[in-house]
Amino acid sequence: MSEIIIPRKTEIISDLGEDGLVYKLNESLAIKIYRDENPSENCLNEHKIASLAFQSGIRVPRPYGLFNVTLEDSNQERKGFVMDYLNGFNLFEFSIKARSHEEINKLNILSKEYKNELRNAEDLGFIIKDVSLQNAIYNLEEDLVYLIDFCDWETPKHFNISIPQ
């Protein structure tokens, strides 16, 4: 497993999740760093679940794998899941801010797109326990909704994603 050092001033793009913080590494990559020193097996499997979803055509940020990470400002070591950075916003945050007729219409369209992606994942056999607008990102550049946060997903029974000890 490769190692990544996160410099002190790296931008945190999300700190809402219970599982970890998401940092923007550069213009094309983000990393989710798990809060716990010993994250659950579900979180350790998150990158594999994302890979299966991505390979199955579900709209998720392209996953690159699980890495050992050192946070430079605290010298803490953690595990981190590297994925594509999506330039956009969380649908939950948008739902709170949407006021105008146009924004509410856009939110309705994006919510339907989110539900369609969830349905596509479920149709493939993924079990999604954490259904929330917080787990969807609207990518401004592509005008598409992506699913995120796979710690509470279960894979279809025909996939085996156990991590070697």
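Classify the stretch 88-154 as rounded, prolate or oblate, taking a ≥ b ≥ c as the square roots of the eigenvalues of its Cα gyration tensor: rounded when a/c is under 1.5, otherwise prolate if a/b is larger than b/c and oblate if not. Prolate shape, in that a/c is at least 1.5 and a/b is the bigger ratio. Here the gap between Val131 and Asp15, fully extended at 0.36 nm per residue and compared with their Cα-Cα distance, gives a gain of 40.0 nm. For the cross-link pairs Lys24/Lys129; Lys32/Lys112; Lys106/Lys129; Lys48/Lys129, the ones whose C-alpha atoms lie over 22 Å apart are Lys24/Lys129; Lys32/Lys112; Lys106/Lys129. For Ser74 and Ile4, the difference between the fully extended length at 0.36 nm per residue and the C-alpha to C-alpha distance is 23.8 nm.
First check a/c for the stretch 11-91, with a ≥ b ≥ c the square roots of the eigenvalues of its C-alpha gyration tensor; if it is under 1.5, answer rounded, and if not, answer prolate when a/b is larger than b/c or oblate otherwise.
Details: a/c = 1.77, a/b = 1.26, b/c = 1.40.
Verdict is oblate for the stretch 11-91.
When the charge dipole of the chain is built from unit charges on Cβ atoms (+1 for Lys and Arg, -1 for Asp and Glu) and taken about the Cα centre, the candidate among Ile12, Leu29, Ile109 whose Cα reaches farthest toward its positive end is Ile109.
Under the simplified labelling scheme, the Gln55-Asn87 pair shows an inter-label distance of 3.1 nm, with each label point 7 Å from Cα along Cα→Cβ. For the chain, DSSP calls about 90 percent of its internal beta bridges antiparallel. Less than 5 angstrom separates the built amide H of Leu25 from those of Ala30, Ile31, all sequence-distant by 5 or more or on a different chain.
Take the alpha carbon gyration tensor of the chain, find the square roots of its eigenvalues, order them as a ≥ b ≥ c, and report rounded if a/c is under 1.5; if not, report prolate when a/b exceeds b/c, else oblate.
Numbers: a/c = 2.09, a/b = 1.25, b/c = 1.68.
Cα axes put the chain in the oblate bin.
The label-point distance for Glu154 and Lys115, in a model that sets each label 7 Å from Cα toward Cβ, rounds to 2.4 nm. Multiplying the residue separation of Asp143 and Glu41 by 0.36 nm and removing their Cα-Cα distance gives an extension gain of 33.4 nm.
Any read-out appearing in this document is the output of simple, stated calculations on the displayed coordinates, not a laboratory observation. Model, not experiment: these values are computed from the prediction. Methodologically, a virtual Cβ is constructed for each residue, glycine included, from the backbone with ideal geometry; neighbour enumeration extends over all protein chains shown.
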